[in-house]
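Read the structure below first, then the notes.
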Amino acid sequence: MLPNGQSRAQGKWEARHTPGSFTYAAHQAFFAGFFPTPITPGPHPRLLATTFAGSETITDQTMVFDAPDIVSGLAGLGYHTVCIGGVGFFNKQNPLGNVLPGLFAESHWNPSLGVMDLNSTRHQVELACSILASVPAGQKVFLFVNISALHQPNCGYLPGAEKDSPASQGAALAYVDSQLPPLGQALRRRGPVLAIVCSDHGTAYGEDGFHGHRIGHPVVWTVPYAEFVMAKMED
């Protein structure tokens, strides 16, 4: 169903627990270095972290930044930080919608990238490729893309559907996967690239009577996660 995602991740997809049950909470945690954790008992060492006394998940293998967040920490190492928004918490239309994008040196949002545009992933990928092409080859980049197509409403991706369902979200996921190859190629031209791909939260579609997210149900807290290295594309 997801040929591009499966090939890129090289079988490294796993179920993990998200640190937040909705977009804002999850991303505040992500940008502090608290990515989704394995579903097995921990503690689990972290890949990136900010200075925090008493942390039980920082090891000698963790990259630690003396910064309030990993975005500014990477910027301090010379990375150009880029955010391509999707859902409302990235839309820059109000003070709250500017908090997460405001962490980045460069941030983008317009309606064509949002949840109401059925071509949003294509537009996000085109923008990401354009930005990557414009940054000098020797410049390190931290690129974050908030994919909006999987969020509600996603029934438009399933012909004949009038409401969201697991099937329509699956159709949305297949659409997203079909749009990713140009981004993978653009990243590999700058490679090697460490890619982290995950959901910020799940969605309930009637399980135990629950609907949506920002609720404490296992289908909301359990998310797919993969991290892998993409080699530089040879000319």
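The values are calculated or read from the model by the stated rules, or taken from the named source; none is laboratory data. What you see is a predicted model; the values in this text were computed from it and never measured. Methodologically, a virtual Cβ is constructed for each residue, glycine included, from the backbone with ideal geometry; neighbour enumeration extends over all protein chains shown.
Could you please let me know if Leu132 is surrounded by 15 or more Cβ atoms within 10 Å (Cβ to Cβ) and hydrophobic (A, V, I, L, M, F, W, C)? Answer is yes for this residue.
If you check Pro136, Pro153, which single one turns out to be more than 18 Å from the chain's Cα centre (by Cα) and in contact (Cβ under 8 Å) with a residue 24 or more places away in the chain? The unique qualifying residue is Pro153. Of all residues in the stretch 23-39 being of a type in the set (Phe, Trp, Tyr) and more than 17 Å from Pro101 (Cβ to Cβ), which is surrounded by the fewest Cβ atoms within 10 Å (Cβ to Cβ)? By that ranking, first place goes to Phe34. Taking the criterion of being surrounded by 18 or more Cβ atoms within 10 Å (Cβ to Cβ) and either of a type in the set (Lys, Arg) or modelled with pLDDT under 95 (or both), the residues of the stretch 6-22 that qualify are Arg8, Ala9, Arg16.
Checking the conditions here, which among Ala128, Ala171, Ala167 is on the phi < 0 side of the Ramachandran plot, touching a residue at least 40 places away in the same chain (Cβ under 8 Å) and part of a helix (DSSP H, G or I)?
Details: Ala171 fails: touching a residue at least 40 places away in the same chain (Cβ under 8 Å); Ala167 fails: touching a residue at least 40 places away in the same chain (Cβ under 8 Å).
That would be Ala128, the only listed residue that is on the phi < 0 side of the Ramachandran plot, touching a residue at least 40 places away in the same chain (Cβ under 8 Å) and part of a helix (DSSP H, G or I).
Would the stretch 196-217 turn up any residue that is touching a Cys at 6+ places or on another chain (Cβ under 9 Å), at pLDDT 95 or above and of a type outside the set (Val, Ile, Thr)? I'd like the intermediate steps shown before the answer.
Going through the stretch 196-217, the residues touching a Cys at 6+ places or on another chain (Cβ under 9 Å) turn out to be none.
Within the stretch 196-217, none of the residues are touching a Cys at 6+ places or on another chain (Cβ under 9 Å), at pLDDT 95 or above and of a type outside the set (Val, Ile, Thr).
Taking the conditions exactly as written (among the hydrophobic types (A, V, I, L, M, F, W, C) and in contact (Cβ under 8 Å) with a residue 60 or more places away in the chain), does Ala49 satisfy them or not? If you could, list the steps in order and put the result at the bottom.
On the way: among the hydrophobic types (A, V, I, L, M, F, W, C): yes; in contact (Cβ under 8 Å) with a residue 60 or more places away in the chain: no.
So Ala49 fails the test.
Among the residues of this structure, Ala161 does not count as one that is without any contact (Cβ under 8 Å) to a residue 40 or more places away in the chain, of a type in the set (Gly, Ala, Ser) and surrounded by 16 or more Cβ atoms within 10 Å (Cβ to Cβ). Residue count for the stretch 75-120, restricted to those that are in contact with a Pro (Cβ under 7 Å, 6 or more places away or on another chain) and in contact (Cβ under 8 Å) with a residue 60 or more places away in the chain: 2.
Among the residues of the stretch 40-99, what is the count of those that are farther than 25 Å from Trp221 by Cβ, in contact with an Asp or Glu (Cβ under 7 Å, 6 or more places away or on another chain) and loosely packed, with under 13 Cβ neighbours inside 10 Å? So the count comes out to 1.
Is it fair to say Pro224 is out of contact with any Asp or Glu (no Cβ under 6 Å at 6 or more places or on another chain) and either on the phi > 0 side of the Ramachandran plot or part of a strand (DSSP E or B) (or both)?
yes
Taken over the stretch 174-209, the residue count meeting the criterion of being within 14 Å of the chain's Cα centre (by Cα) and either assigned to a strand (DSSP E or B) or among the polar types (S, T, N, Q) (or both) is 6.
Look at the stretch 184-197 and say how many of its residues are free of Cβ contacts under 8 Å to residues at least 60 places away in the same chain and either surrounded by fewer than 19 Cβ atoms within 10 Å (Cβ to Cβ) or in contact with a strand residue (DSSP E or B) (Cβ under 8 Å, 6 or more places away or on another chain) (or both). Steps first, answer last, please.
Quick first cut of the stretch 184-197, residues free of Cβ contacts under 8 Å to residues at least 60 places away in the same chain only: 185-194.
Adding the requirement that they be either surrounded by fewer than 19 Cβ atoms within 10 Å (Cβ to Cβ) or in contact with a strand residue (DSSP E or B) (Cβ under 8 Å, 6 or more places away or on another chain) (or both) leaves 185, 187-194.
Going through the stretch 184-197 one residue at a time, the tally reaches 9.
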